[in-house]
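The block underneath contains the structure these notes are about, expressed in structure tokens.
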Amino acid sequence: MPENAIEIDRLVVRYRGKVALDGLDLHVPRGAVYAFLGDNGAGKTTTMKVLTGLAPPDTGRATILGLDCWSKAAELRHRVGYMPERPRFYDWMSVGDLGWFTASFHNPSFLGRFREWAARFGLDPAKRLKDLSKGGYARVGLALALAPDPEVLLLDEPTSGLDLLTRREFLASLSDLAASGRTVFITSHSIAELERACTHVGLLRDGKMILSAPLEEVRKKVRRVSLRFTGVPPDAAGLGTVLSTEVEKNGTGRYWRALVQDPNPDAIAALRQRADLSDVADAAVSLEEVYAGLMAKPGPASESGALPPLVRRVSE
């Protein structure tokens, strides 16, 4: 078996002449909970369609468990669970009827596992789908995705519409799925909650990966440098790639903070030696802050050609 459960190499997909995925490269290790993040229109759903065999690539290749996602799509459906962002079912069916109907396309053990997951999610098997709440409808989709006992689970906004406790319970269960050897590939706008469950992170912008790494590496790669200053705030040049800076002045002092990608430890150490600076700190930030900093659209170039960081000044 390949080391990576999902491999995407130089993937290009166009819709009506418009590029949706632009040379996408992505590798998801086996047993990972991979958070695939990006703004609306970045190409996340298109990637899901390629992985599920619903859309062919124009160029490049995508594989799951070593099998081509397009030519081996039928075989992969027995090894991959998938929940789309907006599942659509036969609404006149009951929950139990839908499980029975879907089981006819799967292995014999499918129906029993569907019933187990439906009970775990609090679904009444006699209730018709058209009478379910949005959250109940989403729970049905999750039960169907988990019923094949998949080696790889593809989840496109799976917690949309779920109440807080159910959402947290489901995200916590992702770690158990990964511990049993399964691989989870998930998109979600609930970044703060997803951070507690994921092991790897990928950021997609305009059809291209701008970052893909284990979560612990991401926490080292993007840091918050903060300090107290007298006089004028320090020049951020040399600290690394500065994503944003922030200055705050209040009654107790003046503070400066910078969000920095690939920080230079020598430059941070030099700040600690300056007499006009104090309380110099280098700290990890949340995944939401990493996302906001890296996904922000760059501003206009300066005369030197450099792109200025996003600067925010907090009122005195």
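So which residues in segment 21-37 are within 13 Å of Gly207 (Cα to Cα) and buried (at least 22 other Cβ atoms within 10 Å of the Cβ), if there are any at all?
So the first thing to find is which residues in segment 21-37 are within 13 Å of Gly207 (Cα to Cα), and the list is 21-26, 36-37.
Answer for segment 21-37, where residues must be within 13 Å of Gly207 (Cα to Cα) and buried (at least 22 other Cβ atoms within 10 Å of the Cβ): Leu21, Leu24, Phe36, Leu37.
Pairing each residue of segment 221-240 that is under 15 Å from Arg272 (Cα atoms) with any residue that is modelled with pLDDT under 85 and not hydroxyl-bearing (Ser, Thr, Tyr), provided the two are 6+ apart or on different chains, yields C-beta distances under 6 Å for Arg228/Gly253.
Annotation note: of Leu243, Leu239, Leu227, the sole residue that is crowded, with 19+ Cβ neighbours inside 10 Å, in contact with a Pro (Cβ under 8 Å, 6 or more places away or on another chain), modelled with pLDDT of 90 or more and in a loop (DSSP other than H, G, I, E, B) is Leu239. Of the strands (runs of 3 or more DSSP E) contained entirely in segment 145-220, those carrying at least 1 residues that are hydroxyl-bearing (Ser, Thr, Tyr), in contact with a Gly (Cβ under 8 Å, 6 or more places away or on another chain) and surrounded by 20 or more Cβ atoms within 10 Å (Cβ to Cβ) fall at 183-187. The set of residues in segment 1-30 being in contact with a strand residue (DSSP E or B) (Cβ under 6 Å, 6 or more places away or on another chain) and either aromatic (Phe, Trp, Tyr) or closer than 15 Å to Val80 by Cβ (or both) consists of Asn4, Ala5, Ile6, Glu7, Ile8, Val28, Arg30. Note on segment 101-120: among residues that are aliphatic (A, V, I, L, M) and crowded, with 17+ Cβ neighbours inside 10 Å, the one that is farthest from Leu76 (Cα to Cα) is Ala118.
Counting only residues that are in a loop (DSSP other than H, G, I, E, B) and closer than 18 Å to Val222 by Cβ, segment 246-276 holds 3 of them.
Determine whether segment 250-268 contains at least one residue that is of a type in the set (S, T, N, Q), exposed (fewer than 13 other Cβ atoms within 10 Å of the Cβ) and out of contact with any Asp or Glu (no Cβ under 9 Å at 6 or more places or on another chain). Break it down into steps so the answer makes sense when it comes.
We begin by selecting, within segment 250-268, every residue of a type in the set (S, T, N, Q); these are 250, 252, 261, 264.
Adding the requirement that they be exposed (fewer than 13 other Cβ atoms within 10 Å of the Cβ) leaves 250, 252.
Those left that are additionally out of contact with any Asp or Glu (no Cβ under 9 Å at 6 or more places or on another chain): 252.
Yes, the conditions are met somewhere in segment 250-268.
The single residue among Leu98, Leu11 that is modelled with pLDDT of 95 or more, surrounded by 18 or more Cβ atoms within 10 Å (Cβ to Cβ) and either basic (Lys, Arg) or assigned to a strand (DSSP E or B) (or both) turns out to be Leu11.
Given the criteria surrounded by fewer than 20 Cβ atoms within 10 Å (Cβ to Cβ), farther than 30 Å from Glu216 by Cα, without any contact (Cβ under 8 Å) to a residue 60 or more places away in the chain and within 18 Å of the chain's Cα centre (by Cα), does Arg86 qualify?
Yes; evaluated as a whole, the condition is true for this residue.
The values are calculated or read from the model by the stated rules, or taken from the named source; none is laboratory data. Model, not experiment: these values are computed from the prediction. Virtual Cβ from ideal backbone geometry, glycine too; neighbours counted across all protein chains shown.
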